[in-house]
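This report concerns only the one structure given below.
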């Protein structure tokens, strides 16, 4: 698949503690409790057709996957999202989530009692495919203006030979006798019923008796993919651009997952970014600071003029309104903040030295003559200490 433009949506990655609604010093037990509450609230079976609830359900699972693991949590506390990127599961469906975290709901893999409570979601039927993650590196200029990027990655797509069935053409899979084709088995202990994934068919509800030679019964094959992605202007480091339906194919004809492009902004030679604002360190001379001047300064969309006021001090900050980064959500642009510092020349001409010495006399400031080097001054210092 080459040259196709993928439809994208922009999203910023929220702090995991904020997602779960807990303090940064919350106990492991408190984090698990907060996740259970959110999982019940936003479960897809409780919110049919609500994409926002489904997104929050997956976001909570991603947050718990990190904060519920002591090692990942430690890295996250120290480095933020950058410390755990590539270590999250990328859950494609509710079944994947409860297969990973089913034990905190009181059952085994496949959701346990929680899966039974919501009707045994995924009983051999179509399931959503997994999401994929792609890193996209941008220059600050590209992030400022917005750009199109071609991304290349591998994903699992439906096998063209068996059309995703996993069976050799001409043959059909058989219903699993263990679960009766439901993909789930029910265990009962007293008044408690626990529903788990069938250990024979692994939740598929069917058993491949004559597997396809190309996909070996998986129904999917690895497929190199190339997409053109529109990156909106103003994206920041660590933000995500979502490509709906561009993830891996869903098993048993289920919908495809999504592709998430994680934005990485390269360091710039001149500008430092602070949210929507840009910061520029600008050197000026002593005369420009003392007398005032109009200086040409760079911006990300051309040149501009900055008026340096008379008597400017080193460290003073000037603002060019609206010359910072645009908002990826269509809001107002940030500002360009220019911090001045007075640059002292390392070499000066004889004429410049003469003028500076005259200025020093007017200011009644002592200036060492050029012939006094550091060693001479050091000798005089020790001589004074001994006397």
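Here, each number is a calculation from the coordinates, and none is a lab measurement. Predicted, not measured: the structure shown is a model, and the values here were computed from it. Every residue, glycine among them, receives a Cβ derived from its backbone with ideal geometry; neighbour counts consider all protein chains shown.
Okay, here's what the table says:
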quantity	calculated
Relative contact order for region 271-342, counting Cα pairs under 8 Å that sit 6 or more residues apart, in percent	38
Packing rank of 135-148, 304-317, where each peptide gets the mean count of other beta carbons within 10 Å, highest leading	135-148, 304-317
Equivalent ellipsoid dimensions for region 146-272 as semi-axes, Å, which come from the Cα gyration tensor, largest first	41, 22, 9
Highest-first arrangement of 218-229, 17-28, where packing means the average Cβ count within 10 Å	218-229, 17-28
Highest-first arrangement of 170-177, 336-343, 234-241, where packing means the average Cβ count within 10 Å	234-241, 336-343, 170-177
Residues listed by number, region 203-220, amide nitrogen under 12 Å from residue 161 label point at 7 Å toward C-beta	211-220
Inter-label distance for residue 186 and residue 55, nm, one decimal - labels placed 7 Å from Cα along Cα-to-Cβ	3.7
Cut-off 19 Å, label 7 Å out along Cα→Cβ of residue 47, residues of region 235-254 by amide N	242-245
